[in-house]
Amino acid sequence: MDDPMVSSAAWMGTTVTDDRLDALGEILLAQGHCDQRTLERARRVATDSDQRLDAVLIQLGLVSERGLAEAYAALLAVPVASADRYPTLDPVLADRLHAGFLRHARAIPVSADSETVVLAAADPLDSFTQSAVAVATGRRVRLEVAVPIELEAALNRLYPEEGPDASGAEADAPLEEDAERLKDLASEAPVIRLVNLLITRAVETQASDIHIEPFEDRLRVRYRYDGVLHEAEPPPRHLAAAITSRIKIMARLDIAERRMPQDGRIKMAVRGQDVDFRVSTIPSLHGETVVLRILDRSAVVFDYARLGLAPAVIAKLGTALELPNGIVLVTGPTGSGKTTTLYTGLLALNAVTRKIVTVEDPIEYQLQGINQIQVRSQIGLTFASLLRSILRQDPDVIMVGEIRDGETAQIAVQAALTGHLVLSTLHTNSAAAAVTRLRDMGVEDYLLTAVLRGIMAQRLVRRLCPDCRRREPAAPELAQRFALDRRTAERPIMLSRAVGCPACRQTGYRGRTAIAEFLQLTPEIERLIFARADHATIERAAVAEGMAVMFDAGLAAALAGETTIEELTRSIRADV
């Protein structure tokens, strides 16, 4: 047939009866995808704006795309199309169904025979699309429900859109150099929908970061799960500038500035929850790389035990935090959970009788009842300058997001000496190394012994998926290498290994747990600090006095079936 394409106005005007939408709402309630209050809110908005209930639920982020797809499937008694249902190389019935029609209809044929075509549709209540496909192909249509993010990825793969023509006027004014046209393109519905899908998918699958990286021949998108990056289906390369501009607009950044790094924040509703995103853009060879850090308060637990810390470490940290003055440090590399640990401690200290002030860069989560201050170096609000000003307000507890330089370290020491409890972080690999790091910043040894109350070093290791982990006897070589026989009375010595299942995205791991060591300032440790001993000597003395180092804590977690020795060595990179 010549062209099965029909005008978008035709199917956008498709009506769906109120009875069907009411039934859909009841299914969403029954399946636990939303509550009664959320549903009533969406119904009021739908009535006021003359929109369909399901469209409002998605636009406001009150239900997830997959949740809505499952409700559609239950309503219509049809299956949800899995990601592997979509063709990988060649589109089905490409001679009968044009790409433009399928994109507007948000549908794609996944298989066909001489009598039937199986159509995956994001809006299965749209009867017009099904009728149009039946007429265009001369076949009966069998319906499956598509999850929009998976449908969009399949459409981009099977029907790649052509980029702008590089000839004539386009060559004189490339898209990347035209800020106004970039803004227009970033405001078009396909780009908005694509960016929203990238963000929604990341939140729904509990990713911690989204990395968008342009290369010469492709645009790479990666999600970070449990500290490890995984590549996702890439958007078309020619949309790189538009996607970056859209994210910049959402974060209120300057889209015309592409030579300098920029930082911003986005706040939007996903799954009915307000989620914050920290946005960072950096210029690279083939465009700007963008990283979105997902700060989902509903996914963060401020509880020591649930973070995975050992009871002995929790007790020592709790004792240090109850002291009226001094400095308590948490150390580790970026992404090791230091801030979460400090927030947990602050919430435990939060009371009407205490004034707590934090100085952070950036403020990751807002804590009720605690005064949080954002560092703004561009106008002179540095850690050091803010710390000086805070001391004039006589707080009981001060949290400094990070001690980065000698000036901040000196002011923190003075604050501790004048009766304040100071919490902060350092980037060191062990608790003992924090002593030499402060020494390098110019803090005198006698001051270190006067103010330090405890130093905790921690790492996050991936936790084995409870649904698929498998318990097996440890290999004799492994047991001998790590002296496991001295760490457990169990015989044979058992360890768990990663297997992989749908619940953990076939990785074998789901979530992370903290392992830590806590260095207490005993008389012997103070003597070594006065003697200017190095961190290795201080650590040996602490171990002799009963400190369990991080690697030993990790081996205990592995023997308990929480993680694997392979994951432990990957995270700590111990020389074993």
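Observations
- Some residue of the stretch 67-78 being open to solvent by 40 Å² or more (accessible area, probe 1.4 Å), under 24 Å from Ile192 (Cα atoms) and out of contact with any helix residue (DSSP H, G or I) (no Cβ under 9 Å at 6 or more places or on another chain): no
- Failed item, numbered, when Ala541 is tested on (1) touching a strand residue (DSSP E or B) at 6+ places or on another chain (Cβ under 7 Å); (2) of a type in the set (A, V, I, L, M, F, W, C); (3) over 29 Å from Leu478 (Cβ atoms): (1)
- Wholly enclosed helices (runs of 4 or more DSSP H) of the stretch 46-159 bearing at least 1 residues of a type in the set (D, E, K, R): 53-59, 65-76, 99-105, 148-158
- Screening the stretch 228-257 for residues that are closer than 26 Å to Thr88 by Cβ and in contact with a Gly (Cβ under 8 Å, 6 or more places away or on another chain) and picking the one that is most open to solvent (accessible area, probe 1.4 Å) gives Arg237.
- Failed item, numbered, when Pro502 is tested on (1) open to solvent by 40 Å² or more (accessible area, probe 1.4 Å); (2) more than 23 Å from the chain's Cα centre (by Cα); (3) closer than 27 Å to Val300 by Cβ: (2)
- Residue identified as aliphatic (A, V, I, L, M) and touching a Ser or Thr at 6+ places or on another chain (Cβ under 7 Å) among Ala105, Ala77: Ala105
- Every pair of residues 6+ apart whose Cβ atoms lie under 6 Å, when the first sits in the stretch 216-240 and is under 17 Å from Ile192 (Cα atoms) while the second is of a type in the set (Val, Ile, Thr): Val221/Ile212; Pro234/Val221
- Listed by first and then second residue, the pairs with beta-carbon distance under 6 Å, at least 6 apart or on different chains, first residue in the stretch 489-508 and farther than 11 Å from Leu464 by Cα and β-branched (Val, Ile, Thr), second open to solvent by less than 90 Å² (accessible area, probe 1.4 Å) and assigned to a loop (DSSP other than H, G, I, E, B), are Ile493/Ala474.
- In the stretch 323-352, residue nearest to Ala560 (Cα to Cα) [restricted to those that are open to solvent by 60 Å² or more (accessible area, probe 1.4 Å) and touching a strand residue (DSSP E or B) at 6+ places or on another chain (Cβ under 9 Å)]: Leu323
Listed here are the residues, each with its yes/no results for (1) closer than 28 Å to Arg512 by Cα; (2) open to solvent by 30 Å² or more (accessible area, probe 1.4 Å); (3) not small (Gly, Ala, Ser).
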| site | (1), (2), (3) |
| --- | --- |
| Ile529 | no, no, yes |
| Ala533 | no, no, no |
| Arg540 | no, yes, yes |
| Ala544 | no, yes, no |
| Leu555 | yes, no, yes |
| Leu559 | yes, no, yes |
| Thr563 | yes, no, yes |
| Glu566 | yes, yes, yes |
| Thr569 | yes, yes, yes |
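- Selection within the stretch 276-302 - in contact with a strand residue (DSSP E or B) (Cβ under 6 Å, 6 or more places away or on another chain), among the small types (Gly, Ala, Ser) and farther than 22 Å from Tyr365 by Cβ: Gly287
- Residues in the stretch 517-576 that are among the polar types (S, T, N, Q) and under 30 Å from Glu444 (Cβ atoms): 3 in all.
- Out of Gly13, Gly61, sole residue that is modelled with pLDDT under 80, among the small types (Gly, Ala, Ser) and under 27 Å from the mean Cα position of the chain (by Cα): Gly61
- Restricting the stretch 20-40 to residues that are hydrophobic (A, V, I, L, M, F, W, C) and open to solvent by less than 30 Å² (accessible area, probe 1.4 Å) leaves a set whose member that is farthest from Val270 (Cα to Cα) is Leu21.
- Search result, residues across the stretch 258-313 that are in contact (Cβ under 8 Å) with a residue 60 or more places away in the chain, of a type in the set (S, T, N, Q) and surrounded by 16 or more Cβ atoms within 10 Å (Cβ to Cβ): Thr289
- Answer residue from the stretch 396-415, given it is among the acidic types (Asp, Glu) and either over 30 Å from the mean Cα position of the chain (by Cα) or within 16 Å of Leu452 (Cβ to Cβ) (or both) and is most open to solvent (accessible area, probe 1.4 Å) among those: Glu407
- Scanning the stretch 171-219 for residues that are open to solvent by 40 Å² or more (accessible area, probe 1.4 Å) and at pLDDT 90 or above yields a single hit, Phe215.
- Only one entry of Ala154, Ala121 meets the criterion of being more than 26 Å from Leu53 (Cβ to Cβ), buried (at least 22 other Cβ atoms within 10 Å of the Cβ) and under 29 Å from the mean Cα position of the chain (by Cα), and that entry is Ala154.
- Restricting attention to the stretch 353-364 and to residues that are in contact with a strand residue (DSSP E or B) (Cβ under 8 Å, 6 or more places away or on another chain) and β-branched (Val, Ile, Thr), the residue that is surrounded by the fewest Cβ atoms within 10 Å (Cβ to Cβ) turns out to be Ile363.
- Residue check, Ala99 of a type in the set (Gly, Ala, Ser), farther than 27 Å from Asp54 by Cα and surrounded by fewer than 21 Cβ atoms within 10 Å (Cβ to Cβ): no
- Qualifying positions in the stretch 462-491 - open to solvent by less than 80 Å² (accessible area, probe 1.4 Å) and either part of a loop (DSSP other than H, G, I, E, B) or among the aromatic types (Phe, Trp, Tyr) (or both): Cys465, Pro466, Cys468, Ala474, Ala475, Phe482, Ala483, Thr488, Glu490
- The set of residues in the stretch 365-395 being assigned to a loop (DSSP other than H, G, I, E, B) and open to solvent by less than 30 Å² (accessible area, probe 1.4 Å) consists of Tyr365, Leu367, Ile370, Val375, Pro395.
The values are calculated or read from the model by the stated rules, or taken from the named source; none is laboratory data. Small disclaimer: the values here were computed from a predicted structure and weren't measured. A quick note on method: Cβ atoms are made from the backbone with ideal geometry, for glycine too, and the neighbour counts reach across all protein chains shown. The accessibility values were calculated without ligands, DNA or RNA, using every heavy atom of the protein model including side chains. Shrake-Rupley method; radii C 1.70, N 1.55, O 1.52, S 1.80 Å.
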